[in-house]
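Enquirer: Can you read through this structure? Questions will come right after.
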Amino acid sequence: MTFSDWANYFSANQNHLDNLSWDDTYRLTERELRAIRYSLPQFQQGEHSEGKHLYQKAKDLGDPDYVAAIRLFIREEQGHARVLGQYMAIHQLPRLCKSSGLDKVFRWLRQWASLEHTLRVLLTAEIIAAVYYQALYQATYSGLLQQICRRILRDEEMHLNFQCFTLTQITRGQSALRRWATRQAYRTLMAGTTLVVWVTYHRTLRAGGFGLLAFADAVSVEFGRVEEMLAAPGGISVREQVVESTVSVKSSPTFQPTSVELQPL
């Protein structure tokens, strides 16, 4: 596995958001709108980051393949923002004019210190996103929104792998004590973020079947997977979503562990 492989993967995956069912006639009910109208614009804006600081830190690393991979990764995140924005326009959900407080905090944290720190903060946000999009999938009966969530979830699986792979490359040679201290620091960040996200977006999370304890447990599972990938680098670990390609009723996305080759989803 190399950064060249990752650049090739992201390049081959550029059309992953094509052919969405924009002709879906389902319209969100008032109850569904209440559940998602606050959180969806917030996450849509969070996906739209230009990634200037991350891109600069990538260039500072001096690996052109990594720079290419990061550029394509940022473009993929912006693709998520684009389709979510299109969906919001259909249902007359306004885009935010300015960043939310939580988004500002994450962006500030990512800009501080080293590439390692930036990626660990990014991992924290992506772990939250992986659970949020499961909740969003469950929160409505919109087949189009569920389709968008499935594709984003599949992308997030690979994003977690990509960031973990990068971290294993740039932290080689660190002492066991430093690794332990770093894990404890980011466990604390993860715990605090989990609580803040629950308080801020509990309507969507509840509508998607995640009470506070269930949400915290789901985040903990994702965080544990990330720690396992960081401890045993070398492969790709994804969970295929066992969800029908066209869904008109709520059903929980079920994941099964699997090993896959690095191919576009």
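The values are calculated or read from the model by the stated rules, or taken from the named source; none is laboratory data. Just so it is clear, the structure is predicted and the values come from calculations on it, not from any experiment. Backbone-built Cβ (ideal geometry, glycine too); neighbour counts: all protein chains shown. Each accessible area value is taken on the protein alone, full model and side chains, heavy atoms only, with ligands, DNA and RNA left out. Shrake-Rupley method; radii C 1.70, N 1.55, O 1.52, S 1.80 Å.
Enquirer: With open to solvent by 80 Å² or more (accessible area, probe 1.4 Å), more than 30 Å from Met1 (Cα to Cα), of a type in the set (A, V, I, L, M) and at pLDDT below 95 as the only criterion, which of Val249, Val242 stands out? Break it down into steps so the answer makes sense when it comes.
Expert: On the way: Val242 fails: more than 30 Å from Met1 (Cα to Cα).
Selected residue: Val249, the only one of Val249, Val242 that is open to solvent by 80 Å² or more (accessible area, probe 1.4 Å), more than 30 Å from Met1 (Cα to Cα), of a type in the set (A, V, I, L, M) and at pLDDT below 95.
Enquirer: Do any residues in segment 28-52 that are on the phi > 0 side of the Ramachandran plot have Cβ atoms under 6 Å from those of residues that are modelled with pLDDT of 90 or more and crowded, with 18+ Cβ neighbours inside 10 Å, where the two are at least six apart or on different chains, and which pairs are they?
Expert: Gly51/Ile74
Enquirer: Could you grab me the full set of residues in segment 51-84 that are of a type in the set (Gly, Ala, Ser) and surrounded by fewer than 17 Cβ atoms within 10 Å (Cβ to Cβ)?
Expert: Gly62, the sole residue that qualifies.
Enquirer: Which helices (runs of 4 or more DSSP H) does segment 1-67 wholly contain that include 1 or more residues that are over 18 Å from the mean Cα position of the chain (by Cα) and at pLDDT 95 or above? Give the derivation first.
Expert: Values: elements: 3-12, 30-36, 39-47, 52-61.
Once the helices (runs of 4 or more DSSP H) in segment 1-67 are filtered for at least 1 residues that are over 18 Å from the mean Cα position of the chain (by Cα) and at pLDDT 95 or above, what remains is 3-12, 30-36.
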